[in-house]
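The values are calculated or read from the model by the stated rules, or taken from the named source; none is laboratory data. These numbers come from a predicted model, not from an experiment. Neighbour counts run over all protein chains shown; Cβ positions are idealised from the backbone, glycine included. Remember, those area values only see protein heavy atoms, side chains included, never the ligands or the DNA or RNA. Shrake-Rupley method; radii C 1.70, N 1.55, O 1.52, S 1.80 Å.
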Amino acid sequence: QVQLVESGGGLVQAGGSLRLSCAASGRAFSTYAMGWFREAPGKEREFVASISGRGSTTYYGDSVKDRFTISRDNSKNTLYLQMNSLKPEDTAVYYCAAGGGVGLVRDARVDYWGRGTQVTVSS
């Protein structure tokens, strides 16, 4: 069993930056691929980024490539999402996710979800 708790969301102006964190409890954090998804009002949940257990492989959604960076610190059981050059269309609830493989997480085949953290980007 893995519990995921996101933090770091908030209100930021367009062009600004935020770093999200996801603290994981439970054993064997490094054996899980991790990812970030987001859900804007009235829209389906969207894949943002995923990372393999050791951090050697990453995937990004087209809308965030070259702006967002996913990383993890297995010694701290923590996942991160560095978000730069934020746009109003990045406004959403951001969810942390854990699964059995980086490709599986990318495809939303997730075993565990966090409860989400709100990110609001003002124009």
| field | Index of the failed condition, K65 passing every other in (1) free of Cβ contacts under 8 Å to residues at least 24 places away in the same chain; (2) touching a helix residue (DSSP H, G or I) at 6+ places or on another chain (Cβ under 8 Å) | value | (2)
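Quickly run through the stretch 88-104 and pick out the residues that are touching a strand residue (DSSP E or B) at 6+ places or on another chain (Cβ under 6 Å) and at pLDDT 90 or above.
Selection gives P88, D90, T91, A92, V93, Y94, Y95, C96, A97, A98, G99, G101.
Here's the yes/no breakdown for (1) closer than 14 Å to G114 by Cβ; (2) of a type in the set (S, T, Y); (3) open to solvent by 20 Å² or more (accessible area, probe 1.4 Å); (4) part of a loop (DSSP other than H, G, I, E, B):
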{"position": "L11", "(1), (2), (3), (4)": "no, no, yes, no"}
{"position": "S21", "(1), (2), (3), (4)": "yes, yes, yes, no"}
{"position": "R27", "(1), (2), (3), (4)": "no, no, yes, yes"}
{"position": "D62", "(1), (2), (3), (4)": "no, no, yes, yes"}
{"position": "K65", "(1), (2), (3), (4)": "no, no, yes, yes"}
{"position": "V93", "(1), (2), (3), (4)": "yes, no, yes, no"}
| Within the stretch 29-38, tally of residues that are assigned to a helix (DSSP H, G or I) and either open to solvent by less than 30 Å² (accessible area, probe 1.4 Å) or of a type in the set (D, E) (or both) | 1
| Whichever residue in the stretch 105-123 is outside any loop (DSSP other than H, G, I, E, B) and open to solvent by 30 Å² or more (accessible area, probe 1.4 Å) and, among such residues, is modelled with the lowest pLDDT | R106
